[in-house]
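Just below is one structure, and these are the notes that go with it.
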Amino acid sequence: MAETDILHKFDQAFNALSQERKSIVVPLAEVIQKAGLDKKQASKYEQILKSSGNFKLDYKKEGVFVNRKNFKPMEKTMTTPQNTTNNNVKLHDRIKALRDALSDGLYEKDEAVRLALLTAISGESIFFLGDPGCAKSMIARRTVQAFKADGDDKVKYFETLLNAFTTPDEVFGNVSLKGLNGELPNSNGKEVYRRLTEGMLPEADIAFLDEIWKANSTILNSLLTIVNERKFHNGNEVEDVPLKALFTASNELPAKGQGLEALYDRLILRLVVSFIDDENNFFDMVDAPSSTEFELPEDVKKLQISNVELKEWKKKIDEISLSDAAKSVISAIRKELASRNDAMNEEDKESGELFEVGDRRWKKIVHILKTSAFLNDRTEIDLMDCQLIEYCIWSTEKQQKVAREIVEKCIQQNGLDCDTAIDEIKEQIEEFDAYITDNFYIDNPDYKKLVTETIDGEECYEIDYNNTKRCWISDSKLLSNDKKTKITSVNSLDVNEDSHDIECTIYESGRWVHKTFGGYYWSSEKIKDSKVFDTLDLLELRRTKAEKDKYEVIANNIKEEINKLENFAKEQSAPYKANLFADQYYCNAIMNAVTEAKRDLQNAQVDLEKKRSRYHD
């Protein structure tokens, strides 16, 4: 097939799948299947797509994903209502469309984008740890576009790069000269200390503060009040701050003993942001046209979130409940953190490696989990939402790796449970094995007896000679395995039928030496009944009966149990796989018990076939 025909098929398949999935990113495997192409040629198709210049490929843990360069599929494929209230769009689908649009054109930043969006909707704060130039500020600026202001106003965004010389004026606004001169309205001619906050942090809906830990204490103390209470002390007045979310970033963690702990504790979500790792993604990024200002497609703009909606959602988010499973996970994580702290050595404690997650922080964490559940169209927090705890309990890079282990372990321990008939099936297989023995086998008369053979009129025993080869030994001589060549002379032979040892003296290196050899013995308790296996009619009759009465019953039971398990897994995993914010890797941890149960059934299937082979081989 010509490359142009392949690209045409890909184009049609991509459009169809983009519409079905309501997503601008589609798994390559699904596009190949939809296009009716050979999946074995996937690597070839990858090269064709890359060389076409129209498609881009993202290589992720979950597989290869495809999108089109300079293309806004939502404009053509996503169906949205014409009104701006989005009453006909499920909240999950709406947030998914916004999330995917915000991620478009960014490489290996899906995790950061989804957490940034969750942070903004939940009204919390996030800290990005990463080197300069890995798209931290770009993610913050893009997140702003998920929201719309009231009326014709624009969402107010504030961004600044902090350093030791940054003044409060650069963050909170200049001091009003009119205020100092007593010229402000309602000041009655008195001098008033007041800042001009227009366009500055106190009036921002979303703010991004880069190199947060380089700021001086005056700025950080004012920030603490804004983050905590959403209040700004402007002279002698306390003003409400409209801040939806605070994004912060640095290429370092806060220094110990510098009074930064209080603010760091208020940054609830924490994420390490890295440079592009995959070579293909890297070259796609550097080869792409110089980016213009990012803007959402028109149809996605209709999905933007208003202030009125945020207020309504806040009430509904508070009504989300903690499921028993989520409570169990949180309880397990708290106990694990306490256990790790107790077992920690003094050196690590002194270097700040203790896990310190207080009640206030847990309250904020649960609020984030509730927000995730709400935006996923659920009324309670589930196990998949609990994955987000991973981003909230670490303070150092060393802790970050441990936090992932702890959360995964606790989710897996409290994951889905399932009941199968595996114990009954194992009993049936044992009964089947006994039935085969009774109907196709007889007792081995030589069971546990030493293997003997008469050679040249003498009874010889098969032994292990020098742990390297099998030989034959009698009262007078030691023969090679071919039973023809004499190795040496023997006398005083004594046989122990219980231990299967043979003691004797042999002539070796010019003298008689006492030796003990291990003898071979018949190890099979049962042997095939020749009357059955040599009589074809009888063999076929018994095989047919075994198949119908035993084998098929058990095989069908196993198949039925596996089908039930697969249906259960598909049904139960659906909401986990649909989660907008959690790492999909954790779906495996949640489904671990189901996976193990299926593996047990498959092992039983293998065991059943082995038993069956006893009368078929």
Ordering 367, 616 from largest to smallest accessible area (1.4 angstrom probe), what's the sequence? 616, 367
Please name which of 304, 505, 92 has its Cα lying farthest along the dipole of the chain towards the positive end, using unit charges on Cβ (Lys, Arg +1; Asp, Glu -1) and the Cα centre as origin. 304
With +1 on each Lys and Arg Cβ and -1 on each Asp and Glu Cβ, and nothing else charged, work out how big the dipole of the stretch 84-199 is about its Cα centre, in Debye to the nearest 20. 240 debye
Estimated dipole of the stretch 464-604 in Debye, rounded to 20 [Cβ of Lys and Arg +1, of Asp and Glu -1, Cα centre]: 460 debye
For the chain, with +1 on Lys and Arg beta carbons and -1 on Asp and Glu, the positive-most of 403, 352, 157 along the dipole: 157
Probe 1.4 Å, all protein chains in place: accessible area of residue 193 in Å², nearest 10? 110 Å²
Of 384, 587, 269, whose Cα points farthest to the positive end of the dipole of the chain (charges on the beta-carbon: +1 Lys, Arg; -1 Asp, Glu; origin at the Cα centre)? 269
Name the shape class, rounded, prolate or oblate, that the alpha-carbon gyration tensor gives for the stretch 468-617, where a ≥ b ≥ c are the square roots of its eigenvalues, rounded holds for a/c under 1.5, and otherwise prolate holds if a/b is larger than b/c and oblate otherwise. oblate
Between residue 487 and residues 5 or more places away or on another chain, which pairs have amide H atoms under 5 Å apart, with H built 1.01 Å from N, and which residues are they? 478, 479, 480
Please report the spacing between the Cα centers of the stretch 564-605 and the stretch 385-464 in Å, no decimals. 21 Å
Computing the accessible area with a 1.4 Å probe over protein heavy atoms, can you report the carbon and sulfur percentage for the chain? 46 percent
Just the accessible area per residue of the stretch 408-531, please: how many Å² with a 1.4 Å probe? 61 Å²
Take 334, 195, 599, 270 and sort them by solvent-accessible surface of the protein heavy atoms, 1.4 Å probe, largest at the top. 334, 599, 195, 270
Quick check of the Kirkwood formula: for the stretch 271-408, what is the inverse mean of 1/r over all pairs of different Cα atoms, in Å? 18.3 Å
To the nearest 10 square angstrom, what accessible area does residue 452 show with a 1.4 Å probe? 60 Å²
Label-point separation in nm, residue 584 to residue 488, each point 7 Å along Cα→Cβ: 6.9 nm
If you look at just the Cα atoms of the stretch 426-529, how large are its Rg and its Dmax in Å? 17.9, 62
How long are the semi-axes of the equivalent ellipsoid of the chain, taking √(5λ) for every eigenvalue λ of the Cα gyration tensor, in whole Å from largest down? 71, 32, 25
Measuring from the longest principal axis of the C-alpha atoms of the chain, the long axis of helix 592-612 (C-alpha) lies at a number of degrees, nearest 10, equal to 20 degrees
Helix 3-21 sits at what angle to the longest principal axis of the chain, using alpha carbons and giving 0 to 90 degrees rounded to 10? 70 degrees
Using only the C-alpha atoms of the stretch 261-338, find the volume of their convex hull and express it per residue in Å³. 269 Å³
Treating only Lys and Arg (+1) and Asp and Glu (-1) as charged, each at its beta carbon, one finds that the chain has a dipole about its Cα centre, in Debye to the nearest 20, of 1880 debye
For 141, 378, give me the order by solvent-accessible area with a 1.4 Å probe, most accessible first, ignoring ligands, DNA and RNA. 141, 378
Hey, what angle do you get for helix 359-375 against the long axis of the chain, alpha-carbon based, 0 to 90 degrees rounded to 10? 80 degrees
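The values are calculated or read from the model by the stated rules, or taken from the named source; none is laboratory data. All of these numbers come straight from a predicted model, not from anything done at the bench. Because the Cβ atoms are built from the backbone with ideal geometry, glycine has one as well, and the counts that use them run over all protein chains shown. Quick note on the areas: whole protein, heavy atoms, side chains included, nothing else; ligands and nucleic acids left out. Shrake-Rupley method; radii C 1.70, N 1.55, O 1.52, S 1.80 Å.
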